[in-house]
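A quick write-up on the structure given underneath.
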Amino acid sequence: MSKEKYLEAIRDSIVNLDFDKSREYTLKALEANVKPQEIISKSIAEGMDIVGKKFESGEYFLSELIVAGEIGKEITSILEPHLKGSEISRVGKVVIGTVRGDLHDIGKNIVAIMLEAAGFEVIDLGADVPPEKFVEAVKKENPDIVAMSALLTVTMVEMKNVIDALKEAGLREKVKVIIGGAPVTEEFARSIGADGYGADAVQGVRICKAWMEEKSKTKT
Ligand code: B12
């Protein structure tokens with residue numbers, strides 16, 4: 001099989017939600033010396049993009065998105081040891097977490113995987129993350145972007161608390177802040193002073209990529 005055929009086969013097995021085939025083709029592609037970076041940027045990114053579009057158009061439902069997320073996670077974990085030490089140039093760094101009091105992490109995990117697939121280094125703080133932990137991570141990791149998820153109306157306010165804590169620590173200007181989750185809206189994002197809002201992972205990744213392109217332009 002040619003390199004292109006492997007990349008297509010992995011992409012299609014993601015789109016068809018075939019966990020076993022996606023694993024099998026990923027392992028075979030690595031054996032055939034296909035670069036893991038290409039599997040990320042072509043197969044996973046394109047596959048997830050197609051799955052995202054199918055979800056947006058109503059062809060796929062939540063359950064399909066979750067399976068695609070699991071497949072993405074599995075392929076990423078197979079590729080991870082092959083990526084370490086290679087001259088992979090990350091497009092940017094994101095600290096992500098579900099806010100305090102909120103245990104919903106499926107959407108956040110999908111966003112994290114899609115960001116990784118798009119070439120970002122992702123520091124995942126998990127769920128139920130208090131503002132102090134976000135601040136600590138920004139100090140330690142010096143990310144470009146802070147991404148927050150909330151699925152409960154009662155925990156949305158925690159997103160503002162994180163932004164306030166970043167301001168208090170003098171870190172707000174160092175990072176872009178993007179938020180998302182089912183109850184979150186563009187208007188809410190604006191009202192708490194976030195820089196962006198993604199209705200889904202596909203939109204979120206698009207925004208983060210645009211920010212990094214902007215940043216690289218101002219640098220040069
Ligand atoms: C699964 C689920 C659970 C699971 C969570 C398991 C887990 N590990 O995540 C469990 C069983 C633990 C749970 C618990 C509860 N849940 Co619940 N849960 C759900 C359910 C059915 C699905 C959520 C989900 O995973 N969706 C799938 C993912 C893929 O979608 P998503 O999270 O929205 O993420 C997408 C986008 O929003 C976006 N996104 C998400 N985060 C981010 C972040 C960024 C930066 C960006 C750009 C985008 C982005 O991208 C994602 C992918 O495209 C929803 C119903 C629903 N329709 O949402 C209720 C729901 C969220 N739960 C609800 C409730 C009430 C609860 C409980 C309070 C129930 C209870 N009485 O105990 C507890 C609260 C526990 C807690 N403290 O968090 C309510 C919330 C109501 C509200 N408005 O506040 C909902 C809406 C159900 C309902 N209709 O009543 N829940």
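Which angle between 0 and 90 degrees, to the nearest 10, do you get for helix 45-56 versus the longest principal axis of the chain when only C-alpha atoms count?
70 degrees
What does the helix-only formula give at 222 nm for the chain: each DSSP H stretch with n ≥ 4 adding -39500 (n - 2.57), the total divided by the residues, and the result rounded to the nearest 500 deg cm²/dmol?
One gets -17500 deg cm²/dmol as the mean residue ellipticity at 222 nm.
Between residue 167 and residue 136, what is 0.36 nm times their sequence separation minus the Cα-Cα distance? Round to one decimal in nm.
This chain segment gains 9.9 nm when fully extended.
Expressed as an acute angle from 0 to 90° and rounded to the nearest 10, what is the orientation of the C-alpha long axis of helix 106-117 relative to the principal long axis of the chain?
Between the helix axis and the principal axis of the chain, the angle is about 60 degrees.
Applying 1/(1 + (r/R0)^6) with R0 = 35 Å to the Cβ-Cβ distance of residue 77 and residue 199, what FRET efficiency is obtained, to the nearest 0.05?
For R0 = 35 Å, the calculated efficiency reads 0.80.
Per residue of the range 119-128, what does 6.51 cos²θ - 1.76 cosθ + 1.60 with θ = phi - 60° give for ³J(HN,Hα)? Whole Hz please, x for Gly and Pro, Karplus curve as stated.
x, 7, 8, 10, 9, 9, 8, x, 10, 6
Grab the beta carbon distance between residue 64 and residue 213, set R0 = 30 Å, and tell me the FRET efficiency rounded to 0.05.
Working from the Cβ atoms, E equals 0.50.
When the gyration tensor of the range 162-210 is built from Cα positions, what are the square roots of 5 times its three eigenvalues, in whole Å, from largest to smallest?
After scaling each eigenvalue by five and taking roots: 20, 13, 7 Å.
Quick one: pull the percentage of alpha-carbon pairs in the range 92-219 with a separation above 23 Å.
20 percent
Over 32 Å between Cα atoms, which of 28/139; 73/176; 3/139; 73/174 qualify?
Where the Cα-Cα span goes over 32 Å, the pairs concerned are 28/139; 3/139.
Can you give me the three principal axis dimensions of the chain from its C-alpha atoms, in Å, biggest first?
55, 40, 27
Could you sort the peptides 183-195, 106-118, 158-170, 139-151 by per-residue average Cβ neighbour count (10 Å cutoff), highest mean leading?
Descending packing order for the listed peptides: 106-118, 139-151, 158-170, 183-195.
Normalised radius of gyration for the range 3-83, please: alpha carbon Rg relative to 2.2 N^0.38 Å, two decimal places.
Rg over 2.2 N^0.38 Å, computed on Cα atoms: 1.01.
What distance in nm separates the simple spin-label points at residue 121 and residue 27, each placed 7 Å from Cα in the Cβ direction?
Using points 7 Å along Cα→Cβ, the separation is 3.0 nm.
Give, in nm to one decimal, the length gained when the segment between residue 2 and residue 152 is fully stretched (0.36 nm per residue of separation minus the Cα-Cα distance).
49.3 nm
Give the angle, between 0 and 90 degrees and rounded to the nearest 10, that separates the Cα long axis of helix 201-219 from the longest principal axis of the Cα atoms of the chain.
80 degrees
Each value in this text was obtained by applying a stated rule to the coordinates, not by laboratory testing. What you are looking at is a predicted structure, and each value in this text was computed from that prediction instead of being measured. FYI the Cβ positions are ideal-geometry reconstructions off the backbone, even for glycines, and counts take in every protein chain you see.
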